[in-house]
Amino acid sequence: MDESTYIRRQQHLANIYAQLQTCEEFYLAAHELQAVGISASPASVAENGEVIFTPGFFRAYPYEVLAAYSIDEIHQNITYCPHIISPLRDVPNLDSQLRAHEHIVDPEARLEAARQSLILRLSEYWLEWNVVRRVHNHVDSQLVAFRLGLPDGFTLLHLGSLQRDYMENIISDSDPSPFSTGVNFMHWKIEDLLDDSSEQTNPHAIISVLTETDASAESESLTLHEVHAIVTMMMIRTSHGPWARDEIQPLLAITYTGEGSVRITQASWQGETLVLQFSPLWDLQHSESAPVDLIVRYYLSQLGPVDPAAQRGPDFNALAELASGLTLGLTSRPSDEQMNMS
């Protein structure tokens, strides 16, 4: 990427970020994103459930891995930090609360104490941030557990093309924060990062985004949190590091939302336009057919080739002129109760 193009892209990215910082519209439709130079569109889903990104920089691992590689219970137990699969739907119930109050001798008093405790536990269980953490922890624990069928001490992450990294390893003091700063009730976090630790081959990266937003309220739109996290990660990766001047910057964002759903978004640069292609929402918290294996396989993605010549997008000046005269709307935001992270 030549210097002038790089400078224009960074200025455009900074302009997008500034508008997101002050935006109070909580669900962003395609036309609202287009106003700031982001092209967003829903991606199709194949019969096998995989998302069809065009071009496809990330392809789900080609077969189901949870059944193919069962948990290595013996190796788990001999490690200092055994990895336990976090439950996905361990809903509090009256029986569990009765057992917790066995020390109360009087049956009626014990039953009443168990009922009151259950009410409290259920209210805590369904808090948006607790739901988000529970679903994310379940998927993450599948990724880091030792598995049979792999060399001793290997996890599913060893099957993927990218390796786990830590945000503190790549972020600088001048970078935007990878989590909510509390501005405009914005509560989200970039939790994980997978990238090419060799810094030689692949500009691709995968992140987990956690947000307590109920994305299902407007499932055809992207939430402000999702877009904010993606733009933040793009600013970090294009500002410094081995891939700062890569023309495409392929990024896969796997977002966990407040109602227990997951959405996968592929982000990339097409010319000087940020392009987002997003999947439907999958319900992992309530559905007995939750596609956990599919989500895991996207963390293990096979990487598609990066070809700048095939990625020429719309004229940047036209988009910049449009963006300069339009801003994101100020029509809705969640209540304080919705966004309570305590």
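Here are a few things to note about the model shown:
- The condition of being among the hydroxyl-bearing types (Ser, Thr, Tyr) and in contact (Cβ under 8 Å) with a residue 40 or more places away in the chain holds for only one of Ser198, Ser177, that being Ser177.
- Inter-residue pairs, beta-carbon under 6 Å, first under 26 Å from Ala217 (Cβ atoms) and touching a residue at least 60 places away in the same chain (Cβ under 8 Å) and in the range 6-30, second part of a helix (DSSP H, G or I) and charged (D, E, K, R), 6+ apart: Tyr27/Glu218
- So Asp293, is it surrounded by 13 or more Cβ atoms within 10 Å (Cβ to Cβ), modelled with pLDDT of 50 or more, out of contact with any Gly (no Cβ under 8 Å at 6 or more places or on another chain) and among the acidic types (Asp, Glu): yes
- Against the conditions (1) of a type in the set (Ser, Thr, Tyr); (2) under 23 Å from Asp140 (Cα atoms); (3) touching a His at 6+ places or on another chain (Cβ under 9 Å), Tyr299 satisfies every one except (3).
- Of the candidates Arg99, Arg121, the single residue that is of a type in the set (Lys, Arg) and either surrounded by 14 or more Cβ atoms within 10 Å (Cβ to Cβ) or in contact with a Ser or Thr (Cβ under 9 Å, 6 or more places away or on another chain) (or both) is Arg121.
- Residue list for the range 93-111, filter: of a type outside the set (Asp, Glu) and within 23 Å of Trp126 (Cα to Cα): Asn93, Leu94, Ser96, Gln97, Leu98, Arg99, Ala100, His101, Leu111
- Taking the criterion of being small (Gly, Ala, Ser), farther than 14 Å from Ile264 by Cα and modelled with pLDDT of 95 or more, the only residue of the range 33-45 that qualifies is Ser39.
- Subset of the range 244-267 [among the hydrophobic types (A, V, I, L, M, F, W, C) and out of contact with any strand residue (DSSP E or B) (no Cβ under 8 Å at 6 or more places or on another chain)]: Ala244
Results for (1) over 17 Å from Lys189 (Cβ atoms); (2) in a loop (DSSP other than H, G, I, E, B); (3) at pLDDT 95 or above; (4) of a type in the set (Gly, Ala, Ser), shown as yes or no for each residue.
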residue: Ile264; (1), (2), (3), (4): yes, no, yes, no
residue: Ser268; (1), (2), (3), (4): yes, no, yes, yes
residue: Val275; (1), (2), (3), (4): yes, no, yes, no
residue: Ser287; (1), (2), (3), (4): yes, yes, no, yes
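- Positions within the range 178-195 being modelled with pLDDT under 90 and in a loop (DSSP other than H, G, I, E, B), in sequence order: Ser180, Thr181, Gly182, Met186, His187
- You will find that of Ser123, Ser161, Ser86, the residue that is at pLDDT 90 or above and polar (S, T, N, Q) is Ser161 and no other.
- One residue from Glu247, Glu168, Glu199 being within 28 Å of Ser41 (Cα to Cα) and either at pLDDT below 90 or part of a loop (DSSP other than H, G, I, E, B) (or both): Glu247
- Selected residue (criterion: nearest to Met1 (Cα to Cα)) from residues of the range 233-272 that are buried (at least 22 other Cβ atoms within 10 Å of the Cβ) and polar (S, T, N, Q): Gln249
- Residue selected from the range 202-226 under the condition touching a helix residue (DSSP H, G or I) at 6+ places or on another chain (Cβ under 9 Å) and assigned to a loop (DSSP other than H, G, I, E, B), by the criterion surrounded by the fewest Cβ atoms within 10 Å (Cβ to Cβ): Glu220
- Selection status of Glu218, among the charged types (D, E, K, R), touching a residue at least 60 places away in the same chain (Cβ under 8 Å) and in contact with a Pro (Cβ under 7 Å, 6 or more places away or on another chain): no
- Only one of the numbered conditions (1) out of contact with any helix residue (DSSP H, G or I) (no Cβ under 8 Å at 6 or more places or on another chain); (2) more than 17 Å from His228 (Cα to Cα); (3) assigned to a helix (DSSP H, G or I) is violated by Glu32, and that is (2).
- Pairing residues of the range 143-162 that are in a loop (DSSP other than H, G, I, E, B) with residues that are among the hydroxyl-bearing types (Ser, Thr, Tyr) and surrounded by fewer than 16 Cβ atoms within 10 Å (Cβ to Cβ), at Cβ distances under 6 Å and at least 6 apart in sequence or on separate chains, gives Leu148/Ser70.
- Residue list for the range 1-29, filter: in a loop (DSSP other than H, G, I, E, B), surrounded by 12 or more Cβ atoms within 10 Å (Cβ to Cβ) and out of contact with any Gly (no Cβ under 9 Å at 6 or more places or on another chain): Met1, Phe26, Ala29
- Residue check, Glu64 within 22 Å of Tyr299 (Cα to Cα), acidic (Asp, Glu), at pLDDT 90 or above and surrounded by fewer than 17 Cβ atoms within 10 Å (Cβ to Cβ): yes
The values are calculated or read from the model by the stated rules, or taken from the named source; none is laboratory data. The structure displayed is predicted, hence computed values, not measured ones. All Cβ positions, even for glycine, are placed from backbone atoms using ideal geometry, and neighbour counts span all protein chains on display.
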